[in-house]
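Participant: Encoded as structure tokens, here's the structure I'll be asking about.
The values are calculated or read from the model by the stated rules, or taken from the named source; none is laboratory data. Quick caveat, the model's predicted, so the values are computed rather than measured. Glycine also receives a Cβ, built like all others from the backbone with ideal geometry; neighbour counts cover every protein chain displayed. For the accessible areas, the whole protein counts, side chains as well, though only heavy atoms, and no ligand, DNA or RNA atoms are used. Shrake-Rupley method; radii C 1.70, N 1.55, O 1.52, S 1.80 Å.
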Amino acid sequence: MTINWLQIKQKIEVLFNNVSTGPAQAREPGSSSSFWVMVKKEIGDHIRSWRFGILIGIIILACVGSIYSAVTAIRDGTLDKTGNGESFLFLRMFTLTSSSLAVPSFATFLSWLGPLLGIALGFDAVNSERNKGTLGRLLSQPIYRDDFIIAKFISSLFLIFIVVFSLGFLVMGLSLLTIGYPPSPEEFCRIVLFLVIAVIYIGFWLNLSILFSIRFRQAATSALSSIAVWLFFTIFYGMIIGMINSATAVSSTQPDPAAQLRQMNLILTLNRLSPTELFSETITTMLSPGIRTLGPLTMDQLVGAIASPLPLGQSVILVWPQLTGLIAATIICFGISYALFMRQEIRARA
Amino acid sequence: MKTIHTQTNSVSSNGMISGTPSGMPVIELTKLTKKYGEHIAVDRLDLNIAKGEIFGLLGPNGAGKTTTILMMLGLTEPTDGQAKICGHDPAREALQVKRKVGYLPDDVGFYEDRTALDNLVYTARLNGLPQSESTERAFSLLERTGLAASAGKKVGAFSRGMRQRLGLADVLIKNPEVIILDEPTLGIDPEGVRELLELISSLSRDEGLTVLLSSHHLHQVQQICDRVGLFVKGRLIAAGDIPSLSKALNEDGLIQIEVGTAHWTDQLVHRLSELEGVQTISRNNEILTVVCDRDLTPKIAEIVIGEEAELTYLRRKEYGLDDIYHRYFEREG
């Protein structure tokens, strides 16, 4: 019996050793310092790059433009027509657009330019190092491979965080100056949550572009692939869904509410496969407390409901699935990049 | 052709072509194999390299030299077999190996928009050195590699030779026990090559560094390596110091002597062929090659001078790396 036990124990140990091959070895103390050295260097590189400067310029212009548009809209009195926005005037600064000016709101701008920022920071993260021959040199230093891509991700995400939050607070500050009306604590929380969601959303695009930069050896290929995916989701996906919608549409004259509801839910589910859609649903809910549901609502459900804005907690519960979806998409992208990168052969210039 | 000069100080030249030097091996490869699909890049490679040795890995392009090096560093996984560097397995304990091994890739890249100093300090910081010590070490290495004047210049403006020297500084900044240089002399002018090789051999001598050098330039390897390994189609077909490789090639024990005179006469050729031990004689313009079973160099000289034929050239031919290379290739087909 004892011999048997010993054998089993040995087998388990062998199994363990096999499992721990490669990156799964125990972390050594001191490896975290080199991780932060990498993060610091990456941030430095981004900040010094032209690309980052240009993007920031565009985004700041967009932000100023959107505030101007919102202020114009408030002056024009668009607000009075919408009625219930009165209690959340400050939030309107993020969503309101002037009918006379063709400038979209800050939230729309962010959902348009945010992905571009993410893609720009990530599309050449790994392949440029590979093409410059620095990857081989870097990975022959005592650092973990996963630290390398995590450093790439963290440094860019940190920059995105800084950019998004400084822009968000800039808009808040300018709004304070222009309308002279302070935000309530709830409004402030909603704005901060909106900014956090925006960071997650941009983080998704960052991760996707890092994934492409690992997969494709040429920076141009990876940039084009990322932009193609982005265009697909922002423009074509909606068109495709529209087509499916008209093809499967149930005649409205036909008195079968169940069938109509089924078709509606199908379209909604398809729509929600797109991260862009998930993001827009989340931020509209966060920034417009009046939104009570993101799906179809029957008259039955509305009976007895008091027409009032949702409290913050309820809004968060409403968008929780969407938020989870966004985070999951980000993590899936990161997981794939991780798996790809860990097994990849590092040649000097291949 | 110049005579062969080899250093056999730390290695016993026992004349064997087995590739087992004396002393504790720092690099131990056992049956190391790498396959890319059907293609076998490295085929059951066995190799030991002792501490303080300069080992030259010689082979044509695509022989599997770089793949072997990548496996030693854990940058790619071996299909089969094992590597041990300083007692660590690079596939499992990559970090320990990388801490002790400096690697200079064949086409080393730097962050072009950063200065030489920045690049070196970054590497030092990744190796866990504190900022002040990193800068200090970086400066002293730039001094040593002759780049002190360009410390503040961006690497983008560096020439190929400067990059290679910076690469060497980059390898040394972590205080390695072993340095692996993949084609270090590629694309550098002859003077630069000479300087680089001198630097490498002085490093090995002064600091007891073990050096593994891969190259397809025979002469350069010949200049500084204690031992060489011939690597063809993923297999190490021979390893040893150059005299022993040469001896092993020359199995029939015949000696070739090349003689040159200003005027060849039939009588002279005849007298030479009459010598005891001469097997064949062949003439190519000024140079006559005498193949004999013993060393007849002094006798040949005597005869030529006796005939008053103005001896211009006399050399007992030994196998240089060139010949070794060719002979082995011929044999391997």
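Participant: Inside the stretch A:115-157, can you point out the residues that are over 15 Å from A:SER34 (Cα atoms) and polar (S, T, N, Q)?
Facilitator: Within the stretch A:115-157, A:ASN127, A:SER128, A:ASN131, A:THR134, A:SER156 meet the criteria.
Participant: Here is a follow-up. Which of the residues that make up the stretch B:86-111 are more than 7 Å from chain A (Cβ to nearest Cβ) and either of a type in the set (A, V, I, L, M) or under 21 Å from B:GLN164 (Cα atoms) (or both)?
Facilitator: Residues satisfying the conditions are B:ALA94, B:VAL97, B:LYS100, B:VAL101, B:GLY102, B:LEU104.
Participant: Any chance the stretch B:228-235 includes a residue that's in contact (Cβ under 8 Å) with a residue 12 or more places away in the chain, assigned to a loop (DSSP other than H, G, I, E, B) and of a type in the set (Phe, Trp, Tyr)? Before you say what the answer is, go through the steps one by one.
Facilitator: First, pick out the residues of the stretch B:228-235 that are in contact (Cβ under 8 Å) with a residue 12 or more places away in the chain: B:228-235.
Cutting the leftovers down to assigned to a loop (DSSP other than H, G, I, E, B) gives us B:233-234.
Adding the requirement that they be of a type in the set (Phe, Trp, Tyr) leaves none.
Taking every residue of the stretch B:228-235 in turn, none turns out to be in contact (Cβ under 8 Å) with a residue 12 or more places away in the chain, assigned to a loop (DSSP other than H, G, I, E, B) and of a type in the set (Phe, Trp, Tyr).
Participant: Against the condition buried (at least 20 other Cβ atoms within 10 Å of the Cβ), more than 24 Å from the chain's Cα centre (by Cα) and under 17 Å from A:ARG347 (Cα atoms), how does B:ALA63 come out, does it pass?
Facilitator: Working: buried (at least 20 other Cβ atoms within 10 Å of the Cβ): yes; more than 24 Å from the chain's Cα centre (by Cα): no; under 17 Å from A:ARG347 (Cα atoms): yes.
No, not satisfied.
Participant: Then there's this: Within the set of pairs 6 or more residues apart or between chains, which connect a residue that is closer than 20 Å to B:GLY109 by Cβ inside the stretch B:141-159 to a residue that is in a loop (DSSP other than H, G, I, E, B) and hydroxyl-bearing (Ser, Thr, Tyr) with Cβ atoms less than 7 Å apart?
Facilitator: If the second residue must be in a loop (DSSP other than H, G, I, E, B) and hydroxyl-bearing (Ser, Thr, Tyr), the pairs left are B:VAL155/B:TYR111.
Participant: Let me ask another. Which one of B:ILE200, B:ILE179 is part of a strand (DSSP E or B), of a type in the set (A, V, I, L, M, F, W, C) and under 23 Å from B:THR135 (Cα atoms)? Quick ask: steps written out before the conclusion?
Facilitator: On the way: B:ILE200 fails: part of a strand (DSSP E or B).
Answer to the selection: B:ILE179.
Participant: What number of residues within the stretch B:89-104 are out of contact with any Leu (no Cβ under 9 Å at 6 or more places or on another chain) and not charged (D, E, K, R)?
Facilitator: Here is the first cut: in the stretch B:89-104, the ones out of contact with any Leu (no Cβ under 9 Å at 6 or more places or on another chain) are B:89, B:91-93, B:95-96, B:99-100.
Next cut, not charged (D, E, K, R) only: B:91, B:95-96.
Result for the stretch B:89-104: 3.
Participant: Any idea which of B:ALA41, B:ALA91 is small (Gly, Ala, Ser), at pLDDT below 90, touching a strand residue (DSSP E or B) at 6+ places or on another chain (Cβ under 7 Å) and under 20 Å from A:ARG343 (Cα atoms)?
Facilitator: Details: B:ALA91 fails: touching a strand residue (DSSP E or B) at 6+ places or on another chain (Cβ under 7 Å).
None of the other options fit; the residue is B:ALA41.
Participant: Return a yes/no flag: does the stretch B:75-85 have any residue that is buried (at least 24 other Cβ atoms within 10 Å of the Cβ) and within 10 Å of chain A (Cβ to nearest Cβ).
Facilitator: Yes, because at least one residue in the stretch B:75-85 is buried (at least 24 other Cβ atoms within 10 Å of the Cβ) and within 10 Å of chain A (Cβ to nearest Cβ).
Participant: Here is a follow-up. Can you find a residue in the stretch A:153-174 that is surrounded by 17 or more Cβ atoms within 10 Å (Cβ to Cβ) and outside any helix (DSSP H, G or I)?
Facilitator: No, the stretch A:153-174 has no match at all.
Participant: Another one. I'd like to know if the stretch A:324-342 contains one or more residues that are hydrophobic (A, V, I, L, M, F, W, C) and in a loop (DSSP other than H, G, I, E, B).
Facilitator: If we filter the stretch A:324-342 for residues that are hydrophobic (A, V, I, L, M, F, W, C), which is where we start, we get A:326-329, A:331-334, A:336, A:339-342.
Adding the requirement that they be in a loop (DSSP other than H, G, I, E, B) leaves none.
Checked the stretch A:324-342: no residue is hydrophobic (A, V, I, L, M, F, W, C) and in a loop (DSSP other than H, G, I, E, B).
Participant: In this structure, is B:LEU236 open to solvent by less than 40 Å² (accessible area, probe 1.4 Å) and of a type outside the set (Phe, Trp, Tyr)? Give the derivation first.
Facilitator: Details: open to solvent by less than 40 Å² (accessible area, probe 1.4 Å): no; of a type outside the set (Phe, Trp, Tyr): yes.
Spelling it out, it is not the case that B:LEU236 is open to solvent by less than 40 Å² (accessible area, probe 1.4 Å) and of a type outside the set (Phe, Trp, Tyr).
Participant: Residues to consider are A:SER140, A:SER184, A:SER155, A:SER175; find the one that is in contact with an Asp or Glu (Cβ under 7 Å, 6 or more places away or on another chain) and either among the hydroxyl-bearing types (Ser, Thr, Tyr) or more than 14 Å from chain B (Cβ to nearest Cβ) (or both). First the steps, then the outcome.
Facilitator: Working: A:SER140 fails: in contact with an Asp or Glu (Cβ under 7 Å, 6 or more places away or on another chain); A:SER184 fails: in contact with an Asp or Glu (Cβ under 7 Å, 6 or more places away or on another chain); A:SER175 fails: in contact with an Asp or Glu (Cβ under 7 Å, 6 or more places away or on another chain).
Unique residue meeting the criteria: A:SER155.
Participant: Considering only the stretch B:1-38, state which residues are of a type in the set (S, T, N, Q) and modelled with pLDDT under 85. Please lay out each step first, then the result.
Facilitator: First, the residues of the stretch B:1-38 that are of a type in the set (S, T, N, Q): B:3, B:6-10, B:12-14, B:18, B:20, B:22, B:30, B:33.
The answer is B:THR3, B:THR6, B:GLN7, B:THR8, B:ASN9, B:SER10, B:SER12, B:SER13, B:ASN14, B:SER18, B:THR20, B:SER22.
Participant: A follow-up question, please. Out of all the residues in the stretch B:178-195, which are surrounded by 18 or more Cβ atoms within 10 Å (Cβ to Cβ) and modelled with pLDDT of 85 or more? Step through it out loud before you land on a result.
Facilitator: Restricting attention to the stretch B:178-195, the residues satisfying the condition of being surrounded by 18 or more Cβ atoms within 10 Å (Cβ to Cβ) are B:178-185, B:188, B:193.
B:VAL178, B:ILE179, B:ILE180, B:LEU181, B:ASP182, B:GLU183, B:PRO184, B:VAL193, listed by residue number.
Participant: Starting from the stretch B:266-287, take each residue that is within 21 Å of B:PRO298 (Cβ to Cβ) and list its partners that are small (Gly, Ala, Ser) and not in a strand (DSSP E or B), counting only C-beta distances under 6 angstrom and pairs at least six apart or across chains.
Facilitator: Final answer for the pair search is B:LEU268/B:ALA309; B:ILE281/B:SER273.
Participant: For the structure I just gave you, tell me whether A:SER184 is small (Gly, Ala, Ser) and open to solvent by less than 10 Å² (accessible area, probe 1.4 Å). Talk me through it step by step, then tell me what you get.
Facilitator: Details: small (Gly, Ala, Ser): yes; open to solvent by less than 10 Å² (accessible area, probe 1.4 Å): no.
No.
Participant: Here are some residues: B:ARG160, B:ARG144. Which one is under 21 Å from B:ILE54 (Cβ atoms), within 23 Å of the chain's Cα centre (by Cα) and either surrounded by fewer than 23 Cβ atoms within 10 Å (Cβ to Cβ) or not assigned by TED's automatic domain parsing to the domain that holds B:ILE85 (or both)?
Facilitator: B:ARG144
Participant: Step by step: first the residues of the stretch A:125-137, then only those that are among the small types (Gly, Ala, Ser) and within 7 Å of chain B (Cβ to nearest Cβ), then the one that is surrounded by the most Cβ atoms within 10 Å (Cβ to Cβ). Which residue is that? Spell out the reasoning first.
Facilitator: Taking the stretch A:125-137 as the starting set, the residues that turn out to be among the small types (Gly, Ala, Ser) are A:125, A:128, A:133, A:136.
Retained after the next criterion (residues that are within 7 Å of chain B (Cβ to nearest Cβ)): A:133, A:136.
On the way: A:GLY133: 21, A:GLY136: 27.
That would be A:GLY136.
Participant: Could you tell me which numbered condition B:GLY229 fails, if it satisfies all but one of (1) at pLDDT 85 or above; (2) open to solvent by 10 Å² or more (accessible area, probe 1.4 Å)?
Facilitator: That leaves (2) as the condition not met.
Participant: So is B:ILE305 of a type in the set (Val, Ile, Thr) and modelled with pLDDT under 80 or not? Full working, then the answer.
Facilitator: On the way: of a type in the set (Val, Ile, Thr): yes; modelled with pLDDT under 80: no.
Here the answer is no, as B:ILE305 does not meet what is asked.
Participant: A follow-up question, please. For the stretch A:283-294, give me each residue that is without any contact (Cβ under 8 Å) to a residue 60 or more places away in the chain and more than 26 Å from A:TRP205 (Cβ to Cβ). Walk me through it before giving the result.
Facilitator: The first filter runs over the stretch A:283-294 and keeps only residues without any contact (Cβ under 8 Å) to a residue 60 or more places away in the chain, leaving A:285, A:291-294.
Residues satisfying the conditions are A:ARG292, A:THR293.
Participant: Those residues that are free of Cβ contacts under 8 Å to residues at least 60 places away in the same chain and open to solvent by less than 60 Å² (accessible area, probe 1.4 Å), I need them from the stretch B:254-264; list them, please. Full working, then the answer.
Facilitator: Keep residues of the stretch B:254-264 that are free of Cβ contacts under 8 Å to residues at least 60 places away in the same chain, which gives B:254, B:258-264.
The answer is B:LEU254, B:GLU258, B:VAL259, B:GLY260, B:THR261, B:ALA262, B:TRP264.
Participant: Hey, another quick one. I'd like to verify a number: residues in the stretch B:114-140 that are touching a residue at least 12 places away in the same chain (Cβ under 8 Å) and open to solvent by 50 Å² or more (accessible area, probe 1.4 Å), how many?
Facilitator: 2
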